[in-house]
Amino acid sequence: MILHKPPLKDYTEFKMLKMNAPGMIAEKLRAAGLRPTRQRLALAKILFGNGDRHVSAEDLHREACAAKVLVSVATVYNTLNQFTAAGLLREVAIEGDRSFFDTNTSNHFHFYHEKEGRLFDIGTDNLEIKGLPTAPEGTEIDRIDVIVRLKKRGN
Ligand SMILES: [Zn+2]
């Protein structure tokens with residue numbers, strides 16, 4: 001089974017947002033069923049204004065502060081979770097309470113550098129996974145997360 005699927009149709013559409021005319025972010029939030037409040041708009045602009053990336057809530061909070069967007073960490077968390085639920089972001093859970101939010105919602109896999117705490121995309125077009133289990137009756141495989149964990153050589 002080759003898991004690389006063509007990017008979601010929606011993603012191509014969404015890419016356009018990243019080159020954003022100001023009104024497009026509001027439009028995208030509305031299309032995803034989210035009211036474009038000032039805070040959501042400000043955070044969306046920071047998140048989606050710089051191409052594909054992986055951010056933690058702490059990263060985004062830091063960037064928001066630097067951009068003089070005054071929001072609490074809790075608000076950043078809530079907003080990230082709302083964006084994820086609306087399909088604008090994909091959450092990549094690393095362990096326990098550590099998550100990254102990926103602005104690229106298409107099907108792809110990740111390297112995680114444990115020491116550096118850095119998550120980045122595996123650059124291959126195709127990653128083949130063999131021997132997938134059959135989904136139990138009444139269910140289907142929704143998606144498969146692959147995180148290849150890295151450490152420095154020699155440790
Ligand atoms: Zn990614």
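FYI, it's all coordinate maths here, none of it is from the lab. Remember, predicted model here, so these are calculated numbers, not experimental data. Cβ atoms come from the backbone with ideal geometry, glycine included; neighbour counts cover every protein chain shown.
Along the Cα-to-Cβ line of ASP121, 7 Å from the Cα, sits a label point; which residues in the range 130-155 have backbone N less than 17 Å from it?
144-148
Once you place label points 7 Å from the Cα toward the Cβ at ARG53 and ARG149, how far apart are they in nm?
2.6
Once the Cβ-Cβ distance between ALA86 and LYS130 is put in as r, and R0 is 30 Å, what FRET efficiency do you end up with, to the nearest 0.05? Spell out each step's value before the answer.
On the way: r = 34 Å, r/R0 = 1.12.
Calculated value: 0.35.
Tell me the label-point distance for the pair ARG30, CYS65, using the 7 Å Cα-to-Cβ offset, in nm and rounded to one decimal.
It works out to 3.4 nm between the two label points.
For every other residue with a beta carbon closer than 13 angstrom to the beta carbon of PHE101, add +1 if it is Lys or Arg and -1 if Asp or Glu, then tell me the sum. Kindly include the intermediate steps, with their values, before the conclusion.
Numbers: positive: ARG53, ARG90, ARG98; negative: ASP52, GLU58, ASP59, GLU63, GLU91, ASP102.
With Lys, Arg at +1 and Asp, Glu at -1, the neighbours total -3.
In percent, what relative contact order does the range 32-103 have, based on Cα pairs under 8 Å that are 6 or more apart in sequence?
37
When you have a sec, figure out the Kirkwood radius of the range 8-155 from all distinct Cα pair distances and drop it here in Å to one decimal? Could you put the intermediate results ahead of the total?
Values: mean 1/r = 0.0593 Å⁻¹.
Mean inverse Cα-Cα distance, inverted, gives 16.9 Å.
For GLU63, what charge total do you get from the other residues with a beta carbon under 13 Å from its beta carbon, if Lys and Arg give +1 and Asp and Glu give -1? Spell out each step's value before the answer.
Details: positive: LYS45, ARG53, ARG62, LYS68; negative: GLU58, ASP59.
Summing Lys/Arg as +1 and Asp/Glu as -1 gives +2.
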